[in-house]
Structures are given as C-alpha cells and as structure tokens.
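One structure is given below, encoded as structure tokens.
Only the coordinates and a few stated rules stand behind these numbers; no lab work does. Just so it is clear, the model here is predicted, and its values are computed rather than measured. In this analysis, Cβ positions are derived from the backbone assuming ideal geometry, glycine residues included, and neighbour counts consider all displayed protein chains.
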Amino acid sequence: MKPARPGIASADRPRLGSFASLIDLILDDDRALDGLAFAYAELGEQERRALAQAVLQDSKKPTQALGAMLAVEENSRLRQRLAGLISQHGRIAQSAFLQGTEAEGHVHLIQSLPGLEPESLQITWEESKIQGIELESRTDMKIRALGSAVAVSEAVEILAPLLWRHIRSGGQLPDGVERFAGFFSGRSPE
C-alpha cells in the first residue's frame, strides 16, 4: 500500500515551492484558470478552504485565482469567505454611479478585479423602497446610462438605509450580492 501524500491542508511548503510556480503560471492562462476553478468545485469543503489558503500563501497575485474560485462556489459561507479574502488581499477597483435622490432613483456599483472583467450591482428604489436589485455578470454587462459618477461613500450613504429597511421587511437579496460587501465595509480599496 502506497503511503498517503500530505494534502494541501497539511502540507507545509515555502512560498517558492512547486505549487507557487504552478499557480503563477495558471494566472497567465485563462484555460488553466478555468481548470483550477473546476477542480476547486470538485473538492470537499475542507479541501476548498485549504486550496484558497494555499493560493493566498503561494500566489504573487491571489485575487484572480480567488475570483475564479468564487465564480464556481455554491456554498454561501464559503462564498462569503472568498469574497472577504479577495477584499483583504486584492486590489478591487470600485466605482459608483447615482441618479436621483433618497426617495427615488437608482445606483450602479461597479467593481473589477485585476485580470477579470467588471461586474455590476444595480439597485432601483421608489418612495424610499427598493424596487429591484440586479447583478450583471462580467460577460452580460450592458452599456447604458449609469447616472453621475459619485464617491462610493456617497452612494453607500444613500443605499445602506434603503437596503437595511428592505432586509428588515423580509426583502430578499440575489445570490452573489455578497461579492459587493466591500462597498459597505467602510474601507476604500487600495
């Protein structure tokens, strides 16, 4: 019987190990990055956590690999964890476009990670009540009038109470909205 090799979770490797070289190469090849995401999706929960940690430890630029993992993660707890890791370790470009007032209007929050296309969260409201929340994937983003560019903090100042009331009244948020939590963290991206 062959001795078991240590898994990613128990491996104690220095940054310059073979996994570091592999992950750095994967980031330059879209097909290989897709392969990493599909392999990640096939792992158990503990192994997915360990792989994300290994990417953080070994990759020079972990954001792109973590973003690929986030795209296929179905477990809401792990999606939140990956989104948090990306916010902590990545450079996320954020912008906000606002049209209207606190009583009626819409906002587009757009973020992009290095090496990936931007994605958008659109929220509309009337009479200070949210009417719609829509996520646009990186590939489905439509070009349309976005409103005036504003500071992220200005958009969040209007949105936060609207979202809070929406949630407290039983309103639902779409799957994937946790990827936009960084807008509401009070921390601006680097």
Order these by the 10 Å Cβ neighbour count, fewest first: Asp34, Asp58, Asp29. Asp29, Asp34, Asp58
Within segment 20-118, trypsin sites (Lys or Arg not before Pro) in DSSP loop having at most 15 other beta-carbon neighbours inside 10 Å: Lys60, Arg91
Among Thr101, Thr63, rank each residue by its count of other Cβ atoms within 10 Å, from fewest to most, as a rough exposure measure. Thr101, Thr63
For segment 55-63, in residue order, the Karplus 3J(HN,Hα) values (coefficients 6.51, -1.76, 1.60; θ = phi - 60°; whole Hz; Gly and Pro = x) are 4, 4, 5, 9, 7, 5, 10, x, 4
Kirkwood Rh in Å, taken over all unlike Cα pairs in segment 18-89: 11.9
